[in-house]
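A.B. asks: Dumping the structure here so I can ask a few things about it.
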Amino acid sequence: MTDVTFGRLMDLIPREAWPHEALSFTPWLAENIDQLSEAVGIPLDITGTEIAVDTFAADILARNPSDGTVVLIENQLDQTDHTHLGQIMTYLSGLEAHTVIWIAPKFREPHLSAIRWLNKHTADDFAFFAVRLRVVRIGDSPFAPIFEVLEKPNHWDRKLKEAARPAVSNDAESLLRAEFWNQYAERYPEIAAVKPKSGWNYWVPVAGGRLLFSAYIARKDCGVYVRPPWSGDREAVATLLMPLRDELERDLDAAFNGGKDHFLVRKRAPGFGMREDWPALVDWFEEERRRYTAALQARLGEPTDGE
């Protein structure tokens, strides 16, 4: 028995949150693009919405600041259809996009097959994602969006691991991030080996490598969390941490389940855009890294054989 009160996670119809695709969902997604960015593992800088291509309009156009390539985001609030698949192919050539992210609450199997075929038969510098949009809540809690990646390029997880050394771009946003991380490394040389360069996150193994501690920077807010190692999976981490949930939430003042594969999430506002706030933000990151490391090490220790 337990004294914990449980609620039921309910899936809602996305149109309950966004009544109109172009007028409500697209603007919301552009404003909260960091959530999609975390789901697919690609940094995204918005360059425009409702971009005209022939007689159509692409929902969102973004750029991957790590390599400068164009990212096309096509979203629906209903089940996928052939019309949107055709539009995606039109936009792909007309906008010279290298990455396509198709978002919908439900994908028909022929459309998932089309995404798989494109990932298999196009050049390695092209990437196609099918992302399921969910809106959930528990009881009367606020609505929570969830982006579930249903299809992605072959070996994408390995590519993300290799991308831990992103190239420094010359765009202003990348240079600003690089300047921030350099200041962090100068202030705390022990993290210099992590070499986040111009990326959004850095990752440090904790608990004997069974978890990764991550600090991220964004315009809206910054934060920390733990996630599975590159070779791990979400369920294994949930099983590892669940018995410690109450005490870790209390001691770290963190939200246990942050969606996707993020656990024990803490956020801090504002974002990293104001240089005068950087010393305090750097100190906060380092304090959190040490607190998380100590708390997890004390409870999990080093892995035993077979773990």
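The values are calculated or read from the model by the stated rules, or taken from the named source; none is laboratory data. Only a predicted model underlies this, so the values are computations on that prediction, with no experimental measurement involved. Here the Cβ positions follow ideal geometry from the backbone for every residue, glycine too, while neighbour counts run over all protein chains shown.
A.B. asks: Looking at segment 148-156, is at least one residue in a helix (DSSP H, G or I), of a type in the set (S, T, N, Q) and modelled with pLDDT under 95?
C.D. replies: Of the residues in segment 148-156, the ones in a helix (DSSP H, G or I) are 156.
Going one step further and asking which of them are of a type in the set (S, T, N, Q), we end up with none.
So far as segment 148-156 goes, no, none of its residues is in a helix (DSSP H, G or I), of a type in the set (S, T, N, Q) and modelled with pLDDT under 95.
A.B. asks: State which residue is nearest to Thr99 (Cα to Cα) when the search covers only segment 1-52 and only residues that are acidic (Asp, Glu) and in a strand (DSSP E or B).
C.D. replies: This residue is Asp45.
A.B. asks: For segment 272-284, enumerate the residues that are touching a helix residue (DSSP H, G or I) at 6+ places or on another chain (Cβ under 7 Å) and buried (at least 19 other Cβ atoms within 10 Å of the Cβ).
C.D. replies: Within segment 272-284, Phe272, Val282 meet the criteria.
A.B. asks: Sticking with this one: Quick check on this structure: which one of Val136, Val131 is buried (at least 17 other Cβ atoms within 10 Å of the Cβ) and either more than 22 Å from the chain's Cα centre (by Cα) or within 20 Å of Trp18 (Cβ to Cβ) (or both)?
C.D. replies: Numbers: Val136 fails: buried (at least 17 other Cβ atoms within 10 Å of the Cβ).
Testing whether each residue is buried (at least 17 other Cβ atoms within 10 Å of the Cβ) and either more than 22 Å from the chain's Cα centre (by Cα) or within 20 Å of Trp18 (Cβ to Cβ) (or both) leaves just Val131.
A.B. asks: Give segment 95-126 a look and list any residue that's free of Cβ contacts under 8 Å to residues at least 60 places away in the same chain and in a strand (DSSP E or B), or say none.
C.D. replies: Thr99, Val100, Trp102, Ala104, listed by residue number.
A.B. asks: On the given criteria, is Arg289 outside the structural domain of Ile33 (by TED's automatic domain parsing), within 21 Å of Ala39 (Cβ to Cβ) and either surrounded by fewer than 16 Cβ atoms within 10 Å (Cβ to Cβ) or in contact (Cβ under 8 Å) with a residue 12 or more places away in the chain (or both)?
C.D. replies: no
A.B. asks: So, Arg116, is that one among the charged types (D, E, K, R) and within 23 Å of Asp11 (Cα to Cα) or not?
C.D. replies: For Arg116, the condition - among the charged types (D, E, K, R) and within 23 Å of Asp11 (Cα to Cα) - is not met.
A.B. asks: Among the candidates Glu16, Glu74, Glu38, single out the residue that is assigned by TED's automatic domain parsing to the domain that holds Val131, free of Cβ contacts under 8 Å to residues at least 60 places away in the same chain and within 24 Å of the chain's Cα centre (by Cα).
C.D. replies: Glu74
A.B. asks: I'm told Leu72 meets every condition in (1) in a helix (DSSP H, G or I); (2) closer than 25 Å to Ala172 by Cβ except one. Can you identify the failing condition by its number?
C.D. replies: (1)
A.B. asks: Which number in (1) surrounded by 15 or more Cβ atoms within 10 Å (Cβ to Cβ); (2) at pLDDT 90 or above marks the one condition that Leu212 misses?
C.D. replies: Of the numbered conditions (1) surrounded by 15 or more Cβ atoms within 10 Å (Cβ to Cβ); (2) at pLDDT 90 or above, the odd one out for Leu212 is (2).
A.B. asks: To continue, here is another question. Being outside the structural domain of Ala39 (by TED's automatic domain parsing), within 23 Å of Asp283 (Cβ to Cβ) and at pLDDT 80 or above narrows it down to one of Val237, Val224, so name that one.
C.D. replies: The unique qualifying residue is Val224.
A.B. asks: Has segment 188-200 got any residue that is at pLDDT 85 or above and either under 25 Å from Thr47 (Cα atoms) or hydrophobic (A, V, I, L, M, F, W, C) (or both)?
C.D. replies: no
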